[in-house]
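Enquirer: Here's a structure for you.
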Number of protein chains: 2
Amino acid sequence: MRLDKFFDTINTNSHIGDERMEACGLIVEYNPFHNGHVYHIQEAKRVSKADCIIAVMSGSFLQRGEPAIIDKFHRTNAALSAGIDIVLELPYPYAVQSSDLFSKGSVHTLNEIGVSSICFGSESGDISRFTKSYKVYNENKFTFKETLKSCLNQGLSFPEASRKAYEKIGLTTSEMDLSQPNNILGFSYVKTILDNNLPIDPLTITRTKSGYHDKEITGAIASATSIRNKLFTDQVISADIKDTMPAETVSQLQLYKHDATTWHNWEHYFHLVHYRVLTMSHHELSEIHGVDEGLEYRIKSTANDVTSFDDWIEKIKTKRYTWTRLQRIFAHILTNTPKTDMEVAKNSSSVPYVRILGMTETGQTYLNRQKKNMDVPLVANLSRTTDPMLSMEEKASKAYYSILPAKKKRVFHKQELQPPILK
Amino acid sequence: MRLDKFFDTINTNSHIGDERMEACGLIVEYNPFHNGHVYHIQEAKRVSKADCIIAVMSGSFLQRGEPAIIDKFHRTNAALSAGIDIVLELPYPYAVQSSDLFSKGSVHTLNEIGVSSICFGSESGDISRFTKSYKVYNENKFTFKETLKSCLNQGLSFPEASRKAYEKIGLTTSEMDLSQPNNILGFSYVKTILDNNLPIDPLTITRTKSGYHDKEITGAIASATSIRNKLFTDQVISADIKDTMPAETVSQLQLYKHDATTWHNWEHYFHLVHYRVLTMSHHELSEIHGVDEGLEYRIKSTANDVTSFDDWIEKIKTKRYTWTRLQRIFAHILTNTPKTDMEVAKNSSSVPYVRILGMTETGQTYLNRQKKNMDVPLVANLSRTTDPMLSMEEKASKAYYSILPAKKKRVFHKQELQPPILK
């Protein structure tokens with residue numbers, strides 16, 4: 001369903017005037033949605049002075065190549081309750097990628113919907129340092145690229161190689177420390193905006209307290225990783241975790257587990273992806289996005305002796321093929337995403353559509369004013385997947401729900417055919 | 001491992017003389033192995049007067065497109081205890097096929113190993129009627145083929161169409177009733193032998209009491225279908241079933257269930273094949289063997305609303321696409337067997353190898369004498385799968401064990417790398 005048709009059928013209570021509304025964009029995964037995210041939303045509102053906050057969110061699978069702990073619809077509900085006005089879906093071919101393509105998809109999605117600014121969290125917290133660093137980067141692009149290339153040839157992983165390349169042009173020591181994960185992502189957004197001359201102000205706020213990779217719960221603001229670990233260990237939401245999340249996240253997590261019977265993690269998919277690899281030829285495996293440089297042989301030869309997903313990754317992992325990179329590759333195997341399908345995402349100058357997962361009344365008002373100015377279609381659901389990228393999204397969603405009991409799969413996938421969530 | 005190398009390393013107690021041993025071949029599935037099979041073995045010995053009984057047996061998947069209730073190794077053990085001297089594996093591309101290719105693979109496997117006769121069970125029980133019918137068939141081949149073709153074009157299923165074609169040339173009324181399932185299969189064997197001028201005597205015995213498709217246990221000789229149904233309902237071997245099977249079958253069934261945790265049936269594979277179809281494109285599905293005439297659309301469109309394997313088949317089934325045919329197609333989807341891989345089986349004049357699953361001392365003696373006269377390699381296990389057909393067998397085996405717990409899969413698949421079972 002096209003969203004403009006959807007708008008013709010709904011009755012918005014909001015008055016539609018002519019004055020321009022300003023929107024600020026966030027780029028998020030919400031897995032799970034914790035107090036740090038709420039702080040981010042509030043700060044984005046404050047610093048951008050926007051009328052409307054628009055989040056672009058990963059769908060079934062996240063940037064690190066993991067299945068989201070609960071599905072996109074339950075995360076959308078939590079996000080709308082916490083102050084987001086519109087939740088957009090970052091298409092699968094951009095979501096499960098390293099920072100370059102992840103940024104490309106996110107920033108262009110927000111650009112197509114007309115945000116005036118994008119606000120991201122960073123260790124630095126000072127946007128002028130990002131823009132100054134972009135200048136340094138731009139002047140030393142050649143050195144950067146050469147260093148990156150030679151580091152990759154030496155067998156370093158992509159994050160490691162880019163860190164070295166940034167270091168080479170002075171971007172880990174001076175203005176900007178591009179060895180820190182949120183600075184790296186933020187710099188990618190800034191680069192995408194400035195490389196493409198997009199009419200978007202980059203804004204940043206300081207990330208507080210918990211680090212990206214922290215594994216322990218450390219108080220009211222905890223990292224997504226630490227919350228996720230605790231949830232999977234306990235299999236219930238304990239009191240200390242409750243304090244780290246807004247009430248609506250807690251109830252969406254509980255609701256999902258109650259209805260779907262599980263929270264999702266890679267181990268639940270092990271039997272599916274293992275079965276698939278065991279019944280694929282080396283050639284078929286090499287056609288999957290990310291399976292390069294003979295990795296198909298390593299994946300197949302280790303498959304005979306592994307008994308869990310972690311065990312498998314541990315056996316394949318090298319300096320060059322990091323855990324995250326391998327998880328992404330396994331997501332592409334699980335969803336059967338060939339290299340050829342990913343070419344669209346790589347080669348297009350923008351995104352082919354903008355999909356709305358949910359919105360508040362403010363969001364509806366914004367969209368009603370904005371929709372006529374848009375260059376790409378607004379998509380309300382997957383009921384007519386004519387765009388190849390929507391078909392990939394549909395496959396990813398079906399793979400995501402594949403671990404649920406037979407009757408649940410159908411019910412949960414049907415959410416993809418419904419209109420966006422209205423709050 | 002090549003079997004001739006295997007023979008160099010084992011010490012057979014049997015004296016190897018020069019006198020020729022006569023072997024009689026049986027074509028079987030042993031799913032499960034019941035008293036009717038033992039009767040067949042004894043009768044085959046009696047009518048053929050052979051020194052050695054050789055069975056060619058389906059491996060992981062059976063002719064009707066079903067997974068075998070217990071694996072090939074446990075069925076081999078039961079067969080060796082019941083009077084079979086050598087158990088050979090019918091390669092997957094012949095096993096999961098309609099009667100023509102099933103016969104081709106079975107008869108040629110037995111021919112390569114040098115049997116003098118093949119003894120099959122039939123409703124008719126009179127071999128002269130089969131050979132006379134072959135004459136009739138041969139003289140009316142053109143009419144038969146034309147009728148078959150036109151019936152298929154009218155949308156009839158293959159079994160239904162061949163029944164009509166046999167009827168047209170008088171082979172359901174006179175000498176031979178080719179509307180009965182065991183007569184049909186037997187006639188296929190006879191046709192393969194005579195079409196190829198193979199030096200093999202066809203022999204037949206009358207099938208006793210229980211029909212092929214009977215669903216109820218009817219005494220000491222019950223059909224495989226009725227036993228299987230009762231096993232899956234009860235999940236234990238009840239007293240009335242015990243009487244229908246040799247003691248060794250009972251213990252192999254119990255042993256397998258104890259060690260592997262389950263008996264296999266299609267419903268156990270539903271989540272795997274469902275997941276696979278949901279993440280395949282129409283084009284990919286159309287490349288699977290058996291998915292013809294736009295069937296990919298029917299399989300994909302029904303996939304969204306099914307909650308069990310039976311439910312799915314029921315929704316796809318037509319007059320032309322029978323339950324059995326669809327089960328075979330689903331086996332090919334599950335094992336990821338493309339049309340291109342099946343070409344070898346269709347186009348070759350014989351089988352590419354003979355794989356031994358197990359043998360008694362008599363069997364060893366026979367093979368030691370026979371091996372030098374053979375035109376194709378004897379294969380002992382899947383440790384070096386250089387032949388494309390062996391790779392298909394390996395994939396089928398991995399798909400078969402995919403429903404077992406992670407640690408069991410590995411253990412059970414390792415049987416494929418061991419030397420044949422010696423009894």
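The values are calculated or read from the model by the stated rules, or taken from the named source; none is laboratory data. Small disclaimer: the values here were computed from a predicted structure and weren't measured. Virtual Cβ from ideal backbone geometry, glycine too; neighbours counted across all protein chains shown.
Enquirer: Considering only residues that are in a helix (DSSP H, G or I), more than 14 Å from chain A (Cβ to nearest Cβ) and surrounded by 15 or more Cβ atoms within 10 Å (Cβ to Cβ), look in the stretch B:283-298 and name the one that is farthest from the chain's Cα centre (by Cα).
Expert: B:Arg298
Enquirer: Here is a check on your reading of the model: is B:Ala345 surrounded by 20 or more Cβ atoms within 10 Å (Cβ to Cβ), small (Gly, Ala, Ser) and over 25 Å from B:Asn196 (Cβ atoms)?
Expert: no
Enquirer: List the helices (runs of 4 or more DSSP H) that sit entirely inside the stretch B:356-423 and contain at least 3 residues that are touching a strand residue (DSSP E or B) at 6+ places or on another chain (Cβ under 8 Å).
Expert: Hits in the stretch B:356-423: B:361-370, B:388-401.
Residue-wise test of (1) among the hydroxyl-bearing types (Ser, Thr, Tyr); (2) at pLDDT below 85.
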residue	(1), (2)
A:Ala161	no, no
A:Thr172	yes, yes
A:Thr206	yes, no
A:Ala239	no, no
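Enquirer: Same structure again: What single numbered condition from (1) within 14 Å of another protein chain (Cβ to nearest Cβ); (2) surrounded by 15 or more Cβ atoms within 10 Å (Cβ to Cβ); (3) over 29 Å from B:Phe33 (Cα atoms) fails to hold for B:Ser301?
Expert: Of everything listed in (1) within 14 Å of another protein chain (Cβ to nearest Cβ); (2) surrounded by 15 or more Cβ atoms within 10 Å (Cβ to Cβ); (3) over 29 Å from B:Phe33 (Cα atoms), B:Ser301 misses just condition (2).
Enquirer: Another question about this same structure. Select, from A:Arg64, A:Arg46, the only residue that is part of a loop (DSSP other than H, G, I, E, B) and of a type in the set (Lys, Arg).
Expert: Matching residue, one of A:Arg64, A:Arg46: A:Arg64.
Enquirer: Now, a different point. Name the single residue that is farthest from the other protein chains (Cβ to nearest Cβ) among those in the stretch B:308-339 being among the polar types (S, T, N, Q) and surrounded by 19 or more Cβ atoms within 10 Å (Cβ to Cβ).
Expert: If we take residues in the stretch B:308-339 being among the polar types (S, T, N, Q) and surrounded by 19 or more Cβ atoms within 10 Å (Cβ to Cβ), then B:Gln327 is farthest from the other protein chains (Cβ to nearest Cβ).
Enquirer: For the structure I just gave you, tell me whether A:Thr322 is within 23 Å of the chain's Cα centre (by Cα), under 21 Å from A:Trp266 (Cβ atoms) and not small (Gly, Ala, Ser).
Expert: Criteria met by A:Thr322.
Enquirer: Pick out, from the stretch B:236-282, the helices (runs of 4 or more DSSP H) lying fully within it that include 3 or more residues that are within 14 Å of chain A (Cβ to nearest Cβ).
Expert: Hits in the stretch B:236-282: B:266-278.
Enquirer: Moving to a separate point now. Sort out which residues of the stretch B:399-409 are in contact with a Lys or Arg (Cβ under 8 Å, 6 or more places away or on another chain) and either within 18 Å of B:Ser58 (Cα to Cα) or more than 13 Å from chain A (Cβ to nearest Cβ) (or both), and write them in order of number.
Expert: Within the stretch B:399-409, just B:Tyr401 meets the criteria.
One line per residue, one yes/no per condition, for (1) under 30 Å from A:Leu285 (Cβ atoms); (2) out of contact with any helix residue (DSSP H, G or I) (no Cβ under 7 Å at 6 or more places or on another chain):
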| residue | (1), (2) |
| --- | --- |
| A:Thr337 | yes, no |
| A:Asn347 | yes, yes |
| A:Val351 | yes, no |
| A:Leu357 | no, no |
| A:Thr362 | no, yes |
| A:Thr365 | no, yes |
| A:Asn368 | no, no |
| A:Lys371 | no, no |
| A:Met374 | no, no |
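Enquirer: Output the residue which, of all residues in the stretch B:43-58 that are buried (at least 24 other Cβ atoms within 10 Å of the Cβ) and small (Gly, Ala, Ser), is farthest from B:Ile70 (Cα to Cα).
Expert: B:Ala44
Enquirer: Need pairs with beta-carbon distance below 6 Å; first residue closer than 16 Å to B:Trp266 by Cβ and within the stretch B:331-342, second aromatic (Phe, Trp, Tyr) and assigned to a helix (DSSP H, G or I); sequence gap 6+ or separate chains.
Expert: Hits for this filter: B:Leu334/B:Tyr269.
Enquirer: Do you know which residues across the stretch A:299-321 are over 18 Å from A:Arg64 (Cα atoms), of a type outside the set (A, V, I, L, M, F, W, C), in a helix (DSSP H, G or I) and touching a helix residue (DSSP H, G or I) at 6+ places or on another chain (Cβ under 8 Å)?
Expert: Matches in the stretch A:299-321: A:Lys300, A:Thr302, A:Lys315.
Enquirer: Now for a different question. If A:Lys395 satisfies all but one of (1) surrounded by 17 or more Cβ atoms within 10 Å (Cβ to Cβ); (2) of a type in the set (Lys, Arg); (3) away from chain B (no Cβ under 14 Å), what's the number of the condition it fails?
Expert: A:Lys395 satisfies every listed condition except (3).
Enquirer: Can you find a residue in the stretch A:269-277 that is within 17 Å of A:Asp71 (Cα to Cα) and either free of Cβ contacts under 8 Å to residues at least 24 places away in the same chain or surrounded by 14 or more Cβ atoms within 10 Å (Cβ to Cβ) (or both)?
Expert: Yes, the stretch A:269-277 contains at least one residue that is within 17 Å of A:Asp71 (Cα to Cα) and either free of Cβ contacts under 8 Å to residues at least 24 places away in the same chain or surrounded by 14 or more Cβ atoms within 10 Å (Cβ to Cβ) (or both).
Enquirer: Consider B:Val236 against the criteria (1) out of contact with any helix residue (DSSP H, G or I) (no Cβ under 8 Å at 6 or more places or on another chain); (2) in contact (Cβ under 8 Å) with a residue 60 or more places away in the chain: it satisfies all of them except one. Which criterion is unmet?
Expert: Answer for B:Val236: the failing condition is (2).
Enquirer: Look at the stretch B:98-140 and say how many of its residues are touching a Gly at 6+ places or on another chain (Cβ under 7 Å) and among the β-branched types (Val, Ile, Thr).
Expert: 3
Enquirer: What residue, of B:Val351, B:Val344, is in a loop (DSSP other than H, G, I, E, B) and more than 14 Å from chain A (Cβ to nearest Cβ)?
Expert: Answer to the check: B:Val351.
Enquirer: Just checking, does the stretch B:369-383 include any residue being modelled with pLDDT under 90, within 14 Å of chain A (Cβ to nearest Cβ) and surrounded by fewer than 18 Cβ atoms within 10 Å (Cβ to Cβ)?
Expert: Scanning the stretch B:369-383 turns up at least one residue that is modelled with pLDDT under 90, within 14 Å of chain A (Cβ to nearest Cβ) and surrounded by fewer than 18 Cβ atoms within 10 Å (Cβ to Cβ).
Enquirer: Scan (1) among the aliphatic types (A, V, I, L, M); (2) farther than 30 Å from B:Ser391 by Cβ; (3) part of a helix (DSSP H, G or I) for the single condition B:Ile193 breaks and write down its number.
Expert: B:Ile193 satisfies every listed condition except (2).
Enquirer: Let me ask another. Residues A:Phe187, A:Phe142, A:Phe120: which one is more than 27 Å from A:Pro199 (Cβ to Cβ) and not basic (Lys, Arg)?
Expert: A:Phe142
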